[in-house]
Each structure stands twice: as structure tokens, then as C-alpha cells.
Amino acid sequence: MLRITPAFYAVFAILLLIYGTKGGRLGDFAAVLGYGQSYHFSQVSLLVGQAWTLDVEMAFPDQEYLFRLI
């Protein structure tokens, strides 16, 4: 994720410059930048709709850790 995150942030910044903020609030931007746009719907998250795969990738290590505890 260390290689993907800077590129994702750069693409998101470029999309914001091109399309604007779409009336988004601070929580909308925090959800996108924190890989939670799949769980928090907003107009801002529609700019990077294909980034849901990053949400899944970020959630997998947490789930793996929980399963190892069981």
C-alpha cells in the first residue's frame, strides 16, 4: 500500500482540480482519503468509484489479524 497511496492521493487531487469538490464536506474527503468511500456515500466518492478495490485491500490485513486471534 505504500506505493499505491501516494499515487491515489495524487490522482484524487487532480480529479478535485478538474471536477471540483462537488459540494463535499470534510467527512466526505476524510472517507476517500482514509479508504472508506465504500462505506460512506457522497458525491466526492463518485470521483474515484473504482477505488473500492483499495478499500478491500486495506480491510484484508485487519480481517486476517482477527482470524488469527480466533
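The values are calculated or read from the model by the stated rules, or taken from the named source; none is laboratory data. Note that this is a predicted model, so its numbers are computed, not measured. Using ideal geometry, Cβ is built from the backbone for each residue, glycine included, and neighbour counts are taken over all protein chains shown. Side chains are part of the model used for accessible areas, which takes the heavy atoms of the whole protein and leaves out ligands, DNA and RNA. Shrake-Rupley method; radii C 1.70, N 1.55, O 1.52, S 1.80 Å.
Some notes on this structure:
- For the peptides 27-40, 48-61, residues were scored by their other Cβ atoms within 10 Å and the scores averaged per peptide; the highest-first order is 27-40, 48-61.
- Ratio of the Cα radius of gyration of the chain to 2.2 N^0.38 Å, where N counts its residues: 1.21
- DSSP-assigned coil residues among trypsin sites (Lys or Arg not before Pro) in segment 10-70, each with at most 12 further Cβ atoms within 10 Å: ARG25
- If you plug the beta carbon distance of ILE70 and TYR39 into 1/(1 + (r/R0)^6) with R0 = 25 Å, you get a FRET efficiency near 0.60.
- Positive-end residue, segment 1-66 charge dipole about Cα centroid, Cβ charges, pick of GLY36, TYR19, PRO61: TYR19
- Looking at the chain, the accessible area is 74 square angstrom per residue; that uses a 1.4 Å probe and ignores ligands, DNA and RNA.
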